[in-house]
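The values are calculated or read from the model by the stated rules, or taken from the named source; none is laboratory data. This one's a predicted model, so the numbers in the text were calculated from it and none came from an experiment. Note that we place each Cβ from the backbone using ideal geometry, even for glycine, and neighbour counts take in every protein chain shown. Note: areas computed on protein heavy atoms with side chains; ligands, DNA, RNA excluded. Shrake-Rupley method; radii C 1.70, N 1.55, O 1.52, S 1.80 Å.
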Amino acid sequence: MPLFPRSRSLLLATAAAGLAVAAGVTVVGTAEAASTLGASAAQSGRYFGAAIAAGRLGDSTYTGILTREFNSVTPENEMKWDATEPSQGRFTFTNGDRILNQGLSNGSKVRGHALLWHAQQPGWAQALSGSALRSAAINHVTQVASHYKGKIYAWDVVNEAFADGGSGGRRDSNLQRTGNDWIEAAFRAARAADPNAKLCYNDYNTDGINAKSTGIYTMVRDFKSRGVPIDCVGFQSHLGAGLPGDYQANLQRFADLGVDVQITELDVAQGGNQAAIYAGVTRACMAVSRCTGITVWGIRDSDSWRTGENPLLFDNSGNKKAAYTSVLNALNAGGTTSPSPSSPSPSTSTPPVPGGDCTATVSLNSWNGGFVATVKVTAGSAGLTGWTTAVTLPSGSAVTNVWSATGSGATGAVTFRNVSYNGRLAAGAVTEFGFQGTGAGPTATPACAAA
């Protein structure tokens, strides 16, 4: 996530010898070639977007290219923590709303960027630690995602939480020091606040299969196995002189976990290979069916954070560069069709199993005045064809949102029943649902019964 330029060594960490990206793609039909980036991407169900700044929306050349070429927008800085909550509990969305309205007025998707990041925190958050910071962070996720509920296509929920280097571990930050589950807590809070937005983890120097990308891969695999709500992984792809030869394979291994992959902050230092690298990235995305779109980080070279490297598709005057043509040609060449963003991922069905008993446990992420509860349902020895759980809320508490279950009641004794996709459980199998509420969360063990 650019704000200030990173060292060139970081930018080039992903540069491996050669531009070897698997060239074979499955062509989707023979649609007439489209003449803009967004229209070309849309032919295969994808988007092609740009990161934009509210302060440049008065520039007619800038907005002219934006409205003509792109069908997705991402705010550069306007939805980050320091911009949206400059003092604790006081939220301001003026510039974020400008970006949102610019995108929606053009029929574009809007990617929200970013809910939690170790950088660009307001000073008051930097001064917090431990449980106070955790509560403030979860409240921030909840309030910002709730403000934009139903309007954001995908959120970068957590940004750049893994360390560079060979460890594949987490970055040391004030957020990480609140507990290793802070990323999971953020994703659960975001799902509760905006159930229909795609929830993404986003990072840089992860373009090839390396220690850092493998650390993230391990986290995503764990989240998927435990029902933590994660829908997509963003690859920033701030590239230098080359493209890793395993770039496409890296995208595919994440897609094979059951998440979408998105190129979220693409730019390429200008040089003899710029057009070829842009084309290689585009072809790789087109070849992976769950690669749903590409975003370039800026529009003209003069808008880029990479001063002097001229890394974008349009020059300072707004003219198309050779890299633009290479991207357009790669989009129009076709590829695998990306699943519709509004369609659920295909799922396998299991035959019904006899009814049986079950147990349930609850875990909480709480802050002053609210909570997110995650309930784990475990099938007994006979398996389940359906289940219900009963949760007792303390006096003064109320359920405000439920996911992966159907709730009955909002205060006192509240009952939850499975939805269509998580009622059938084999013996010992586990599923999870969650709910958000005001007041204090439940502390007693939920009752579970077969239905």
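Some observations on this one:
- From the options THR67, THR74, residue that is in a strand (DSSP E or B), at pLDDT 95 or above and not aliphatic (A, V, I, L, M): THR74
- When the stretch 289-310 is filtered for residues that are surrounded by 24 or more Cβ atoms within 10 Å (Cβ to Cβ) and farther than 25 Å from THR61 by Cβ, the ones remaining, listed by number, are CYS291, THR292.
- The stretch 107-128 residues that are more than 12 Å from SER173 (Cα to Cα), paired with ones that are at pLDDT below 95 and part of a loop (DSSP other than H, G, I, E, B) (beta carbon under 9 Å, 6 or more apart): LYS109/PRO341; HIS113/MET1; ALA114/MET1; GLN120/MET1; GLN120/LEU3
- Annotation for the stretch 90-107: no member residue is β-branched (Val, Ile, Thr), closer than 25 Å to PHE371 by Cβ and at pLDDT 95 or above.
- LYS149 falls short on exactly one of the conditions (1) surrounded by fewer than 22 Cβ atoms within 10 Å (Cβ to Cβ); (2) in a helix (DSSP H, G or I), and that condition is (2).
- Members of the stretch 159-188 found to be aliphatic (A, V, I, L, M) and either at pLDDT below 95 or not in a helix (DSSP H, G or I) (or both), listed by number: ALA161, ALA163, LEU175
- Any strands (runs of 3 or more DSSP E) falling wholly within the stretch 279-381 and containing at least 2 residues that are at pLDDT 90 or above and of a type in the set (S, T, N, Q): 291-296, 358-367
- Which numbered condition ALA33 misses (of (1) modelled with pLDDT under 95; (2) among the hydrophobic types (A, V, I, L, M, F, W, C); (3) closer than 23 Å to GLN236 by Cα): (3)
- Cβ pairs under 8 Å, 6+ apart, first in the stretch 371-391 and farther than 15 Å from SER404 by Cβ and aromatic (Phe, Trp, Tyr), second open to solvent by 10 Å² or more (accessible area, probe 1.4 Å) and part of a strand (DSSP E or B): PHE371/LEU364; PHE371/ASN365; PHE371/GLN436
- Residues that are in contact with a strand residue (DSSP E or B) (Cβ under 6 Å, 6 or more places away or on another chain) and touching a residue at least 60 places away in the same chain (Cβ under 8 Å) were ranked within the stretch 239-264; the one that is farthest from ASN205 (Cα to Cα) is ASP260.
- Subset tally (residues that are closer than 20 Å to SER72 by Cα and either charged (D, E, K, R) or open to solvent by 10 Å² or more (accessible area, probe 1.4 Å) (or both)) for the stretch 241-278: 3
- Residue in the stretch 129-144 that is in contact (Cβ under 8 Å) with a residue 12 or more places away in the chain, within 18 Å of the chain's Cα centre (by Cα) and assigned to a loop (DSSP other than H, G, I, E, B) present: no
- Checking each residue in the stretch 189-205 for being assigned to a loop (DSSP other than H, G, I, E, B) and either closer than 14 Å to CYS232 by Cα or out of contact with any helix residue (DSSP H, G or I) (no Cβ under 7 Å at 6 or more places or on another chain) (or both) picks out PRO195, ASN196, ALA197, TYR204.
- The set of residues from the stretch 382-404 being over 22 Å from GLU184 (Cα atoms) and in a strand (DSSP E or B) comprises LEU384, TRP387, THR388, THR389, ALA390, VAL391, THR392, ALA398.
Each row is one residue, and each column tells you yes or no for (1) under 23 Å from SER35 (Cβ atoms); (2) over 20 Å from the mean Cα position of the chain (by Cα); (3) assigned by the TED database to the domain that holds TRP305.
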{"site": "ARG56", "(1), (2), (3)": "no, yes, yes"}
{"site": "GLU69", "(1), (2), (3)": "yes, yes, yes"}
{"site": "VAL73", "(1), (2), (3)": "yes, no, yes"}
{"site": "PRO86", "(1), (2), (3)": "no, yes, yes"}
{"site": "THR92", "(1), (2), (3)": "no, yes, yes"}
{"site": "LEU100", "(1), (2), (3)": "no, no, yes"}
